[in-house]
Structures are given as C-alpha cells and as structure tokens.
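What follows is a single structure, written as structure tokens, with notes after it.
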Amino acid sequence: MTHQDFINHIIQRLVQTYNPLEIYLLGQDGWEVDEDPDDIDVKIIVQSSSENTTETRAATGYKALEDLACEEMFLEVFTKDEFAKMGRERTLTFTLIQKYGTKIYSK
C-alpha cells in the first residue's frame, strides 16, 4: 500500500466512524513514501459528542483502524467547542496541530 493509499484508508474509515468536521495528521513528513508508517498521530474534530473525554471518543476510531499496519496509533477526538477553547488558550496540543499538522479532511 502506498503512503497516499494508507492516508486515504484512514480518512475513509474515520469519516464513516465520526462524520468529522476536520481531521489532522501529525508527523507524516517523516514517513517513507512506499512503506507503512511506524506510528500515526491523528486529531479528529467533531461537532459534538455524548462521550466526556477524548480517550473514550477515540475507542471507536481505534476499532475502525485496527487492521491497518501500524506499530502505534494515537487518536484524539475533540469537539468543535473544545478545539475552539484550545485555540483561545493556545494549548500545546493546539500549537502542535497548527505547527506540525496537515489537514487531511475538511467537511
């Protein structure tokens, strides 16, 4: 599977799972183009969620991506309001997304 195919699979599955507003991929510049990545770090922005934490929201995403070849996967799911608050407060996670993240999906 090529690098772009891998990204496309991630996008497709996460869109089906979350119906997100945006998806960001962190660290893709370090991936070899024709090899599976060692790890991926994905930040997902959703309109709202009945789950209280990013960790509990991520569980569904991990299940949707469990058969993709990747040594480690890091998913975080933020609501639109949480992400906006992170931006106002300039949190470390928000800064990392803005500085190193690549938006791979936008509604």
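Among all positions in the range 3-11, there is no residue which is within 11 Å of the chain's Cα centre (by Cα), surrounded by 15 or more Cβ atoms within 10 Å (Cβ to Cβ), modelled with pLDDT of 95 or more and under 24 Å from residue 99 (Cα atoms).
Does the range 1-18 hold any residues that are closer than 15 Å to residue 70 by Cβ and not polar (S, T, N, Q), and which are they? The answer is 1, 3, 5, 6, 7, 9, 10, 11, 13, 14. Pairs meeting the criteria (first residue in the range 7-20 and part of a loop (DSSP other than H, G, I, E, B), second residue surrounded by 14 or more Cβ atoms within 10 Å (Cβ to Cβ) and not hydrophobic (A, V, I, L, M, F, W, C), beta carbons under 9 Å, at least 6 apart or on different chains) are 20/105. Taking every residue in the range 94-107 that is farther than 21 Å from residue 18 by Cα and pairing it with any residue that is in a helix (DSSP H, G or I) and modelled with pLDDT under 90, at least 6 positions away or on another chain, the pairs with Cβ-Cβ distances below 9 Å are 100/29. Of all residues in the range 46-76, those satisfying the criterion of being among the β-branched types (Val, Ile, Thr) and out of contact with any Asp or Glu (no Cβ under 8 Å at 6 or more places or on another chain) are 46, 53, 56, 60. Is it fair to say residue 72 is out of contact with any helix residue (DSSP H, G or I) (no Cβ under 9 Å at 6 or more places or on another chain), modelled with pLDDT under 90 and not β-branched (Val, Ile, Thr)? In short, yes.
Taken across the range 47-57, residues that are in contact (Cβ under 8 Å) with a residue 40 or more places away in the chain and part of a helix (DSSP H, G or I) do not occur at all.
State all residues of the range 75-93 that are part of a helix (DSSP H, G or I) and more than 15 Å from residue 42 (Cβ to Cβ); if no residue qualifies, say none.
80, 81, 82, 84, 85, 86, 87, 88, 89, 92
The residues listed here are 41, 29, 36; of these, the one that is exposed (fewer than 12 other Cβ atoms within 10 Å of the Cβ) and modelled with pLDDT under 95 is 29.
Taking every residue in the range 75-92 that is loosely packed, with under 13 Cβ neighbours inside 10 Å and among the acidic types (Asp, Glu) and pairing it with any residue that is in a loop (DSSP other than H, G, I, E, B) and modelled with pLDDT of 95 or more, at least 6 positions away or on another chain, the pairs with Cβ-Cβ distances below 9 Å are 81/48.
The values are calculated or read from the model by the stated rules, or taken from the named source; none is laboratory data. What you are looking at is a predicted structure, and each value in this text was computed from that prediction instead of being measured. Cβ atoms come from the backbone with ideal geometry, glycine included; neighbour counts cover every protein chain shown.
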